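Have a look at the structure that comes next, please.
Taken together, the values in this text are just the output of simple stated rules run on the coordinates, not laboratory data. Because the structure is a prediction, the values reported are computed rather than measured. Neighbour counts are summed over all protein chains in view; Cβ atoms, including those assigned to glycine, are modelled from backbone coordinates with ideal geometry.
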Amino acid sequence: MATDELSASTTDLYRRAYDPLPDELDYRVTQIDGALPKELTGTLYRIGPGKFQVGKTLLHSIFDGDGMVSQLVLDGDSVHYRNRYVRTRHFEHGQRSDRIRYRGVGDQIPGGPLANMGRMAENVANTNIVNYAGGLLALWEMGNPHRIDPDTLETLGRFDFDGKLGFLGAFSAHPKWDPDTGDMYNFGLDLLPTPRIRTYRVDRGGKLHTLATIPMLDLPWNHDFALTQRYLVFVLDPLLPDLRKITLATHSFIDSLDFKRSKGTRFVLVPKNGGKPRIVEHEALLHVHLTNAYDDGDDVVIELVRFDTEWREFRRLTSAVNSPEAPRFPSSRLMQYRITKGGTVIERELTGTSCEFPQFDWRRGTRAHRYSYLAAMGSNATGLLNSIMKVDHRTGVTTDCDFGLSAVGEPLFVPRTKEAGEDDGWLLFLNHALAENRSQLVVLDARDLERGPLATAWLEHHIPWGFHGTFTRRQAAVG
């Protein structure tokens, strides 16, 4: 059933996925169905856009909402919830003004090109939150991270690794960790002063080291990458910025991107230890997130979610906020790409079910993983991700847990112990029960999704549809 065929009442329920949460809350969850695993202790952090409004002016892009961090503390018996907005310049301005002062990724300042010309998109710190040096970093890929206190969620300020992030300060929202060394790897895209990809390694002491810088005059927009034992792996789809539109500010940043199918996709393998990047050409793909990558002899294997749709359909999803349109995820598939020593690309479908937000056991980073976990479209879904799916790459078996009229988020895998085997643990994720307009923290046994939730902790409110997060065994202070 297409979105425009939904009943008016169902469309209204779907639109709740984008409803804002203006309040900052701090309370102990009182309604828990089932039983929390006693061994599951620690803190889950989630981030996403929490509100889409500056004063009286409504925003329409999911990329422009102010970043809101949710903290869920588990002690084996209970759940404590706290949320707080990242105190960015954009957020602080919105607290005291009725007019938009800063340009967004998808929203322009009212007043036409002259009001927007020469202005970069403002950092709203809403895309990912990661553990760093005993604290947290709230990430937004076109600018500096923001440091966040892991207990209070207080914003401690912007962070640029002692000025080493370059002119624009771009630091992608998807850093990766080498499980052998504990080093963090990441990249930033620079349009100015010259288009290029800058790559970084952050050692366990927190010091940032610049790796390869890759000049690329036809630099595409790219959101994610993967890490193997030898390479930083980029899959660069032909989403190219129209510099004229950007320079003249006639369009928003996202509307300045054109999908140039004829240019194809480039697999770029950047050696971790130096050396010239290897570039392999392929037919045009469209994707946002990668799961993992690994070396297999001389081959490199990459897993990602590929969209089977036109760019305009994905663009439509991102601009459905504060509109009468119901959100609708594009059709997609989980795919594997093997790049051989000779430069051949071998494509293999892992599941044909539409899905997004792929995850795996992070301890398997840079190595072959057997299981992938994803937010997916269940049997009766008509546009929202309402199921958690597991793909067993060894057997090809796919299992799932369907939540009906819901909007599920990214599932994070938490191992039962440090030594536990792959898949021996839990999946934690947020689910927005749309009819009740309340969100839940759901715990599934990763080994048996079809069993259903082990525990469902009902929040007193909903959490707006968000992006990414992290889990740590450290329990944040409450009370």
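Which residue out of 255, 237, 242 is among the acidic types (Asp, Glu), surrounded by fewer than 19 Cβ atoms within 10 Å (Cβ to Cβ) and touching a strand residue (DSSP E or B) at 6+ places or on another chain (Cβ under 9 Å)?
242
Here is a further query. May I ask you to list the residues in segment 225-234 that are surrounded by 21 or more Cβ atoms within 10 Å (Cβ to Cβ) and either within 14 Å of residue 198 (Cα to Cα) or out of contact with any Ser or Thr (no Cβ under 8 Å at 6 or more places or on another chain) (or both)?
225, 231, 232, 233, 234
Would a scan of segment 101-114 turn up a residue that is out of contact with any strand residue (DSSP E or B) (no Cβ under 7 Å at 6 or more places or on another chain), free of Cβ contacts under 8 Å to residues at least 60 places away in the same chain, surrounded by 14 or more Cβ atoms within 10 Å (Cβ to Cβ) and of a type outside the set (D, E, K, R)?
Yes, that holds for at least one residue.
Given the options 46, 87, 119, name the one that is assigned to a loop (DSSP other than H, G, I, E, B), touching a residue at least 24 places away in the same chain (Cβ under 8 Å), charged (D, E, K, R) and within 17 Å of residue 154 (Cα to Cα).
It is 87.
Kindly evaluate residue 323 against the criterion of being touching a Lys or Arg at 6+ places or on another chain (Cβ under 9 Å) and crowded, with 16+ Cβ neighbours inside 10 Å.
So residue 323 does not fit the description; no.
Tell me which strands (runs of 3 or more DSSP E) are completely within segment 314-429 and hold 3 or more residues being of a type in the set (Ser, Thr, Tyr), or say none if there are none.
371-376
Right, another one. Suppose we filter segment 248-295 for residues that are under 27 Å from residue 180 (Cα atoms) and either in contact with a His (Cβ under 7 Å, 6 or more places away or on another chain) or part of a strand (DSSP E or B) (or both); how many remain?
15
Follow-up question, since we're still on this one. What residue, of 459, 449, 434, 441, is among the aliphatic types (A, V, I, L, M), closer than 22 Å to residue 36 by Cβ and touching a Leu at 6+ places or on another chain (Cβ under 6 Å)?
Exactly one of 459, 449, 434, 441 is among the aliphatic types (A, V, I, L, M), closer than 22 Å to residue 36 by Cβ and touching a Leu at 6+ places or on another chain (Cβ under 6 Å), namely 441.
Going through segment 138-159 one residue at a time, which ones are within 18 Å of residue 24 (Cβ to Cβ), touching a residue at least 60 places away in the same chain (Cβ under 8 Å) and assigned to a loop (DSSP other than H, G, I, E, B)?
150, 151, 152, 153, 154
While we're looking at this one, here's another question. Within segment 58-73, does at least one residue satisfy the condition of being assigned to a strand (DSSP E or B) and more than 24 Å from the chain's Cα centre (by Cα)?
So far as segment 58-73 goes, no, none of its residues is assigned to a strand (DSSP E or B) and more than 24 Å from the chain's Cα centre (by Cα).
Taking only segment 279-296 into account, find how many residues are touching a residue at least 24 places away in the same chain (Cβ under 8 Å) and out of contact with any helix residue (DSSP H, G or I) (no Cβ under 9 Å at 6 or more places or on another chain).
Looking only at that region, the number is 10.
To continue, here is another question. Of all residues in segment 297-321, how many are of a type outside the set (Asp, Glu) and more than 21 Å from the chain's Cα centre (by Cα)?
Number satisfying all stated conditions: 3.
If the requirement is being surrounded by 21 or more Cβ atoms within 10 Å (Cβ to Cβ) and not aromatic (Phe, Trp, Tyr), which of these qualifies: 210, 199, 194?
Within the list 210, 199, 194, the selection yields 199.
What residue, of 318, 366, 309, 353, is closer than 30 Å to residue 9 by Cα, of a type outside the set (A, V, I, L, M) and in contact (Cβ under 8 Å) with a residue 60 or more places away in the chain?
Being closer than 30 Å to residue 9 by Cα, of a type outside the set (A, V, I, L, M) and in contact (Cβ under 8 Å) with a residue 60 or more places away in the chain holds for just one of 318, 366, 309, 353, which is 318.
Let me ask another. Residue 181: in contact (Cβ under 8 Å) with a residue 24 or more places away in the chain and in a loop (DSSP other than H, G, I, E, B), yes or no?
In short, no.
OK, next. Give segment 160-175 a look and list any residue that's surrounded by 18 or more Cβ atoms within 10 Å (Cβ to Cβ) and without any contact (Cβ under 8 Å) to a residue 40 or more places away in the chain, or say none.
166, 169, 170, 171
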